[in-house]
Amino acid sequence: MKKRQQYLWPIIVAGSLAIGVFVGGKLHFNDSPEKLFSTNSKKDKLSRLIDYIDYEYVDDINTDSIVDVAVNNILDKLDPHSVYIPKKDMAKVSENMKGDFVGIGISFFMEKDTISVVRTIEDGPSYNKGIKPGDRILMADNDTLFGQDIPNEVIIEKLKGKRGTAVKLKIYRKQEDKTFTITIKRDNIPLKSVEAAYMLTSDIGYIKVNRFAESTFKEFKTALANLQKQGAKKLALDLRDNPGGYLGIAEQMADEFLVDGKLILFTKNKKGEIDKAFATDKGTFENKPIYVLINERSASASEIIAGALQDNDVGTIVGRRSFGKGLVQREMELGDGSAIRLTISRYYTPTGRSIQKDYTKGHKDYYQKFTDRYSSGELVSVDSIKVADSLKFTTPKGKVVYGGGGIIPDVFVPIGDYNEETISSLESVGILSRFAFNHLEEDRTRYKDYTEAQFIKNFKVDDILFQKFIDYMVQFGAQGYNTFSYSDFEHKIKLYIKASIAEQIFNPNAYAIIKGQDDSMLLEVLELDNPSKNSDQETEENED
């Protein structure tokens, strides 16, 4: 399928949007003011105003910031997803969408005032040079990297660079109480889109996709092929919290599940021109059971896949109503290293529905609608989702679906209660990761004899480690957790601690496997796949 030069820019829920569009033009000072405003276009008016300020205003002014502010006001009049990407942010944005970056291949955080290696990327430069979890990086070339006030951006800048260039690192290894110097050549480091892939049961594969970047489809195909070799005849595709990305990648992924000739989506621009995308005969998972997991933070490209399958009566959509982004962006360079992502069309699911939320009342109202889902009860009960009969559509097999604000799942799974969500937040704010790191630092050799499979199957967080975690939380002084009843959720917290330790010893896949054992949506998938088995188990338990 021909790849389109179109983007579905990731949603950043409740965050701030990037600002500004550079409007160029030269000012000829021999022009009179009358000529300025009578013979030039609107964009000339703006560009000349900036130049007047640049050359004539009494004080020195950073006109770049004025441009950003001015164009922020312009973009505020458009949709919430037309955004400006400043030059300073372009590299990071490009890396995220390309799927790799050039660096030394470590994940780290600042422990007190020092860079602490959490883990190295397998087969990356640091891994191959023998850098170990727990190592502290003290210097890069001649630059000191420890201290209270060193921003993360500065650290990353010192460790990144051009591919093939070398950086000399001074390392302190706490385990051996020694300091040494090592030279590492920077290389391409993948940013994984497929963060987990494993067998959920003997015949159900599980794949977690966190975004739709250039490398995503290739990663997905590799993961799917590996699972099929292990016996996967069904698939749970996890798109929860996936904010989207490239439209073309979503089309390719949907094509894996739809038979030749099925409509995936169509787009319509301001001229009314329609462009349709159809499935081909290249799909490797056609006519097989598939469960797509979505939630309120699944957006754009994630919604394309969910909508394409739902409207073609393929698979089962499980979870909660998705975000509701049905706009297509295209990146346009501005000539100074910056760019804009401008909305150029809307996309529609195969039945003809747009799932774009209303944004006519402004950006603040647009994101407030998302926040309101928590207070309206929509995340707890499917009956609280407001739908309009005017946005009702019907699939070929007669299933009723709705447009106007996201994909409503076929099977609803409510969000956890306040306490359950509090536990989940422990990982999102990094508390569990830091606790696991500190625990491992006490004695990393205690886990050296575990294989990944043995750890997942046999390791249990004992009461001593659980109490250490509670003590850590008290010492940490985490706001909002002081009155939390940890003992009431001992099983779940122990599971999360185990998962965090596994991630740092092994990899994110081990983390996902362990955490998935208490995942309400995955448990729902198992129930849907084999309801009679689960009912029999419940009957046996009741008889006992």
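The values are calculated or read from the model by the stated rules, or taken from the named source; none is laboratory data. Here the structure is a predicted model, which means the values were calculated and not measured. Every residue, glycine among them, receives a Cβ derived from its backbone with ideal geometry; neighbour counts consider all protein chains shown.
If the condition is being of a type in the set (Val, Ile, Thr) and in a loop (DSSP other than H, G, I, E, B), then region 139-157 contributes only Ile150.
Inspect all residues belonging to region 106-118 and state whether any of them is outside any strand (DSSP E or B) and either surrounded by 16 or more Cβ atoms within 10 Å (Cβ to Cβ) or polar (S, T, N, Q) (or both). No, region 106-118 contains no residue that is outside any strand (DSSP E or B) and either surrounded by 16 or more Cβ atoms within 10 Å (Cβ to Cβ) or polar (S, T, N, Q) (or both).
Every condition in (1) more than 21 Å from Val318 (Cα to Cα); (2) basic (Lys, Arg); (3) in contact with a Leu (Cβ under 8 Å, 6 or more places away or on another chain) is met by Arg173 except one, and the failing one is (3). Which one is nearest to Ala301 (Cα to Cα) among residues in region 389-443 that are small (Gly, Ala, Ser), in contact (Cβ under 8 Å) with a residue 24 or more places away in the chain and in contact with a helix residue (DSSP H, G or I) (Cβ under 9 Å, 6 or more places away or on another chain)? Here the residue is Gly406. Just one of the numbered conditions (1) part of a loop (DSSP other than H, G, I, E, B); (2) surrounded by fewer than 24 Cβ atoms within 10 Å (Cβ to Cβ); (3) in contact with a His (Cβ under 8 Å, 6 or more places away or on another chain) is not true of Lys325: (2). Considering (1) under 27 Å from the mean Cα position of the chain (by Cα); (2) at pLDDT 90 or above, the lone condition that Ile431 does not fulfil carries the number (2).
Here Thr395 passes the criteria (1) surrounded by 14 or more Cβ atoms within 10 Å (Cβ to Cβ); (2) within 23 Å of the chain's Cα centre (by Cα) except the one numbered (2).
For the structure I just gave you, tell me whether Lys515 is in contact with a helix residue (DSSP H, G or I) (Cβ under 7 Å, 6 or more places away or on another chain), of a type in the set (D, E, K, R) and within 12 Å of Tyr198 (Cβ to Cβ). Judged against the criteria, Lys515 is a match. Scanning region 136-148 for residues that are at pLDDT below 90 and under 25 Å from the mean Cα position of the chain (by Cα) turns up nothing. Being free of Cβ contacts under 8 Å to residues at least 60 places away in the same chain and out of contact with any helix residue (DSSP H, G or I) (no Cβ under 6 Å at 6 or more places or on another chain) is not true of Ser485.
Please go through region 52-74 and give me each residue that is in a helix (DSSP H, G or I) and over 31 Å from the mean Cα position of the chain (by Cα), ordered by number.
Tyr52, Ile53, Asp54, Tyr55, Glu56, Thr63, Ile66
Candidates Asn242, Asn226: the one that is within 25 Å of Glu524 (Cα to Cα), within 15 Å of the chain's Cα centre (by Cα) and modelled with pLDDT of 95 or more is Asn242.
Table: residues versus (1) farther than 20 Å from Gly99 by Cα; (2) surrounded by 14 or more Cβ atoms within 10 Å (Cβ to Cβ).
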| residue | (1), (2) |
| --- | --- |
| Leu169 | yes, yes |
| Lys178 | yes, no |
| Thr183 | yes, no |
| Ile189 | no, yes |
| Ser193 | no, yes |
| Ala196 | no, yes |
| Ile207 | no, yes |
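Looking only at region 364-382, how many residues end up being over 13 Å from Phe323 (Cα atoms) and assigned to a loop (DSSP other than H, G, I, E, B)? Residues that pass the stated criteria total 3.
Considering (1) more than 25 Å from Gly337 (Cα to Cα); (2) surrounded by 10 or more Cβ atoms within 10 Å (Cβ to Cβ); (3) at pLDDT 70 or above, the lone condition that Leu36 does not fulfil carries the number (3). Screening region 84-105 for residues that are in a strand (DSSP E or B) and within 19 Å of the chain's Cα centre (by Cα) and picking the one that is farthest from Glu195 (Cα to Cα) gives Ile85.
Please tell me if Ala236 is in a helix (DSSP H, G or I), touching a Phe, Trp or Tyr at 6+ places or on another chain (Cβ under 8 Å) and not β-branched (Val, Ile, Thr). Spelling it out, it is not the case that Ala236 is in a helix (DSSP H, G or I), touching a Phe, Trp or Tyr at 6+ places or on another chain (Cβ under 8 Å) and not β-branched (Val, Ile, Thr).
Looking at region 124-131, can you tell me whether even one residue there is small (Gly, Ala, Ser), surrounded by 16 or more Cβ atoms within 10 Å (Cβ to Cβ) and modelled with pLDDT of 85 or more?
Yes: one or more hits.
Any chance region 66-82 includes a residue that's surrounded by 14 or more Cβ atoms within 10 Å (Cβ to Cβ), touching a strand residue (DSSP E or B) at 6+ places or on another chain (Cβ under 8 Å) and more than 30 Å from Arg330 (Cα to Cα)? Looking through region 66-82, none of the residues is surrounded by 14 or more Cβ atoms within 10 Å (Cβ to Cβ), touching a strand residue (DSSP E or B) at 6+ places or on another chain (Cβ under 8 Å) and more than 30 Å from Arg330 (Cα to Cα). Every test in (1) over 30 Å from Ile415 (Cα atoms); (2) part of a loop (DSSP other than H, G, I, E, B); (3) not polar (S, T, N, Q) is passed by Lys276 save one, and that test is (2). Residues in region 279-312 that are among the acidic types (Asp, Glu), crowded, with 20+ Cβ neighbours inside 10 Å and either assigned to a loop (DSSP other than H, G, I, E, B) or modelled with pLDDT under 95 (or both): Glu296 only. Note on region 345-363: among residues that are among the hydroxyl-bearing types (Ser, Thr, Tyr) and touching a helix residue (DSSP H, G or I) at 6+ places or on another chain (Cβ under 6 Å), the one that is nearest to Gly326 (Cα to Cα) is Thr349.
Of the listed requirements (1) at pLDDT 90 or above; (2) within 26 Å of the chain's Cα centre (by Cα); (3) over 24 Å from Leu440 (Cβ atoms), Leu528 misses just one: (2).
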